[in-house]
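Participant: Quick one: this structure, given as structure tokens, is what I'll be asking you about.
The values are calculated or read from the model by the stated rules, or taken from the named source; none is laboratory data. Everything quoted here is computed from the prediction, not taken from an experiment. Cβ: placed from backbone, ideal geometry, glycine included. Neighbour counts: every protein chain shown. Heads up: the accessible areas ignore ligands, DNA and RNA and are worked out on the full protein's heavy atoms, side chains in. Shrake-Rupley method; radii C 1.70, N 1.55, O 1.52, S 1.80 Å.
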Amino acid sequence: MEVWSQDEARFGLKPILRRVWAPKGERPLAIVDERYEWLWLYAATHPRTGRVFWLVLPRLDSDCVQLFLDEFAKEHAREGKRLVLVWDGAPAHRAATLKVPERISLVSVPAYTPELNPSERVWPLVKEGVANRAHESMDELEQKVCSRCQKISAAEISARTKYHWWPE
């Protein structure tokens, strides 16, 4: 049996702004784009090993959550292996139409407790790769997000997500 945690984050054409260094007396310039288009990055992390299952989807709704669960099960829920997936109580996670794949058990953390979900701590690593940049299109943004995900090592993931109380 393995215990994983899951979360999702929204990335859009409106840039993520971070602090930057600038010469004394000069104001740093930030490019702002007011287009409201988004993609969602879903992630399931295995804190002990630092493995991550990433999936980019267009929305956070029950259909996309179902697709994520199905793809995660294909990749990690092999014969004889049981997976426990810890996630938050987002409305899409509570949909009545959701069909949980065999060999996966879902556990929800209490409301308003993001500190109990290790996957929450992955997002600053991903967002750092797209911060303070305007993207011309959703395809370019998706490419940058995916490129950033590929550069994050298992050691970085494990260092951020392996809580002392998390089951081995």
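Participant: Give me the percent of the accessible area of the stretch 25-168 that comes from carbon and sulfur atoms, probe 1.4 Å, all protein chains in place. Please list the in-between numbers first.
Facilitator: Numbers: 4370 of 8390 Å².
About 52 percent, which is the carbon plus sulfur part of the accessible surface.
Participant: Give the aspartates and glutamates reachable from residue 162 as a straight Cα distance under 14 Å; neighbours fewer than 8 places away on the same chain don't count.
Facilitator: Result set, ordered by chain and number: 2, 115, 120.
Participant: Moving on to the next point. Bin all alpha-carbon pair distances of the stretch 48-87 at 10 Å intervals from 0 and give each bin's fraction as a whole percent.
Facilitator: 23, 56, 20, 1
Participant: Which of [x] 47, 38, 27; [y] 61, 34, 29; [z] 77, 28, 26 is the computed Cα extents along the principal axes in Å for the structure on display?
Facilitator: Only one option fits the structure, namely [y].
Participant: Restricting to the chain, compute how many DSSP beta bridges are antiparallel as a %, nearest 5. Could you put the intermediate results ahead of the total?
Facilitator: Details: 15 of 24 bridges.
Roughly 60 percent of the beta bridges in the chain run antiparallel, per DSSP.
Participant: Give me the distance between the Cα centres of the stretch 9-85 and the stretch 102-168, rounded to whole Å.
Facilitator: Cα centres, the stretch 9-85 to the stretch 102-168: 6 Å.
Participant: Rounding to the nearest 20 debye, state how big the charge dipole of the chain is about its Cα centre with +1 on each Lys and Arg Cβ and -1 on each Asp and Glu Cβ.
Facilitator: That gives the chain a dipole magnitude of about 540 debye.
Participant: Same structure, new question: Which of 116, 89, 101 sits closest to the plus end of the dipole of the chain, meaning its Cα is farthest towards the positive end, when Lys and Arg get +1 and Asp and Glu get -1 on the C-beta?
Facilitator: 116
Participant: Might you tell me the accessible area per residue for the chain, computed with a 1.4 Å probe and given in Å²?
Facilitator: Normalised by residue count, the accessible surface of the chain is 59 Å².
Participant: Could you give the dipole magnitude of the stretch 2-71 about its Cα centre, charging the beta-carbon of Lys and Arg +1 and that of Asp and Glu -1, in debye to the nearest 20?
Facilitator: On the way: 10 positive and 11 negative charges, 127 e Å.
Computed charge dipole of the stretch 2-71: roughly 620 debye.
Participant: Restricting to Cα pairs below 8 Å that are 6+ residues apart, what does the relative contact order work out to for the chain? Please round to a whole percent.
Facilitator: Computed over the chain, the figure is 32 percent.
Participant: After finding the eigenvalues of the alpha carbon gyration tensor for the stretch 28-101, what semi-axes result from the square roots of 5 times each, listed largest first in whole Å?
Facilitator: The three semi-axes for the stretch 28-101 are 28, 17, 11 Å.
Participant: Can you list, largest first and rounded to whole Å, the semi-axes you get for the stretch 53-143 by taking the square root of 5 times each eigenvalue of its Cα gyration tensor?
Facilitator: With the √(5λ) rule applied to the stretch 53-143, the semi-axes are 26, 17, 14 Å.
Participant: So how compact is the stretch 100-168: Cα radius of gyration and Dmax in angstrom?
Facilitator: Rg then Dmax for the stretch 100-168, in Å: 15.4, 43.
Participant: Here is a follow-up. Given a cut-off of 25 Å, name the pairs among 24/127; 99/151; 14/144; 24/144 whose C-alpha atoms lie farther apart than that in the structure shown.
Facilitator: Violating the 25 Å limit, Cα to Cα: 24/127; 99/151; 24/144.
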